[in-house]
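Below is one structure, written out as structure tokens, with a few remarks after it.
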Amino acid sequence: MSEGGMISASARYLAPSVQGSGDAWGAETAAAGRRGTQKVVRAGEVTAPGRVADLLGLQRGGQVIERRRIMYLDGEPCELTDTYYPVEIARGTGLAGTAKIRGGAVRLLAELGHVGARAQEDVVARMPSESERASLALEAGEPVLELTRLTLSADDRPIQADVMVMPPRGQRLRYEIRIG
């Protein structure tokens, strides 16, 4: 997802991984001959930011489980990802902790009976906060892309909301849309 030809296809992040395989980020970067890793900075129960509460259909001030990660491509920070889950789905599971989740969070969600059937994504360009600039090692004046994804179950229940912040340089986001 940085310079050097990475193309990020959102669909890869919506389907549970196959038993014994790694997470989608590691698989996507390995397929491009790169090395993708991540660090969970924090995880646990927090008050949902207003926008996240709205996405997940919660009352403002409601609680969610948050997982905050920094994604690395070939050892360099390339994305900040905050993932939010309704507490009734994630409380007491690996989603609420900082340990690596074998096979990724989407697979764990599926094992818990929560499978994504569709997703909505919005992408905006904006200027980063000072903490985002520092975390991503951005130049002064360099903007970021913010991708917000809401994953819904087959019965349109929100099961996951992601807010991803990344530098636009070298980014190519791919969307495949099937009609009918």
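The values are calculated or read from the model by the stated rules, or taken from the named source; none is laboratory data. The structure presented is a predicted model; accordingly, all values stated were derived computationally and were not measured. Note: ideal-geometry Cβ built from the backbone for every residue, glycine included; neighbour counts use all protein chains shown.
Kindly indicate whether I101 is β-branched (V, I, T), in contact with a Gly (Cβ under 8 Å, 6 or more places away or on another chain) and either free of Cβ contacts under 8 Å to residues at least 40 places away in the same chain or in a helix (DSSP H, G or I) (or both). So I101 does not fit the description; no.
To keep it simple, each residue is scored yes or no on (1) exposed (fewer than 14 other Cβ atoms within 10 Å of the Cβ); (2) of a type outside the set (S, T, Y); (3) assigned to a strand (DSSP E or B).
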| residue | (1), (2), (3) |
| --- | --- |
| D122 | yes, yes, yes |
| A140 | yes, yes, no |
| E146 | no, yes, yes |
| L150 | no, yes, yes |
| D155 | yes, yes, no |
| I159 | no, yes, yes |
| V163 | no, yes, yes |
| P168 | yes, yes, no |
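With respect to (1) modelled with pLDDT of 95 or more; (2) assigned to a helix (DSSP H, G or I); (3) among the basic types (K, R), the lone exception for R107 is condition (1).
Listed here are the residues, each with its yes/no results for (1) crowded, with 20+ Cβ neighbours inside 10 Å; (2) touching a Cys at 6+ places or on another chain (Cβ under 6 Å); (3) in contact (Cβ under 8 Å) with a residue 40 or more places away in the chain; (4) among the aromatic types (F, W, Y).
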| residue | (1), (2), (3), (4) |
| --- | --- |
| P49 | no, no, no, no |
| L56 | yes, no, yes, no |
| G61 | no, no, no, no |
| R68 | no, no, no, no |
| Y72 | no, no, no, yes |
| L80 | yes, no, yes, no |
| Y85 | yes, no, yes, yes |
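Answer with yes or no whether G92 is more than 27 Å from E28 (Cα to Cα), outside any strand (DSSP E or B) and touching a strand residue (DSSP E or B) at 6+ places or on another chain (Cβ under 8 Å). Walk me through how you get there before you give the answer.
Details: more than 27 Å from E28 (Cα to Cα): yes; outside any strand (DSSP E or B): yes; touching a strand residue (DSSP E or B) at 6+ places or on another chain (Cβ under 8 Å): no.
Judged against the criteria, G92 is not a match.
So is R102 in contact with a helix residue (DSSP H, G or I) (Cβ under 7 Å, 6 or more places away or on another chain), surrounded by fewer than 19 Cβ atoms within 10 Å (Cβ to Cβ), at pLDDT below 95 and not β-branched (V, I, T) or not?
Working: in contact with a helix residue (DSSP H, G or I) (Cβ under 7 Å, 6 or more places away or on another chain): no; surrounded by fewer than 19 Cβ atoms within 10 Å (Cβ to Cβ): yes; at pLDDT below 95: yes; not β-branched (V, I, T): yes.
For R102, the condition - in contact with a helix residue (DSSP H, G or I) (Cβ under 7 Å, 6 or more places away or on another chain), surrounded by fewer than 19 Cβ atoms within 10 Å (Cβ to Cβ), at pLDDT below 95 and not β-branched (V, I, T) - is not met.
For region 33-47, how many residues are surrounded by 15 or more Cβ atoms within 10 Å (Cβ to Cβ) and part of a loop (DSSP other than H, G, I, E, B)? Total meeting the criteria: 1.
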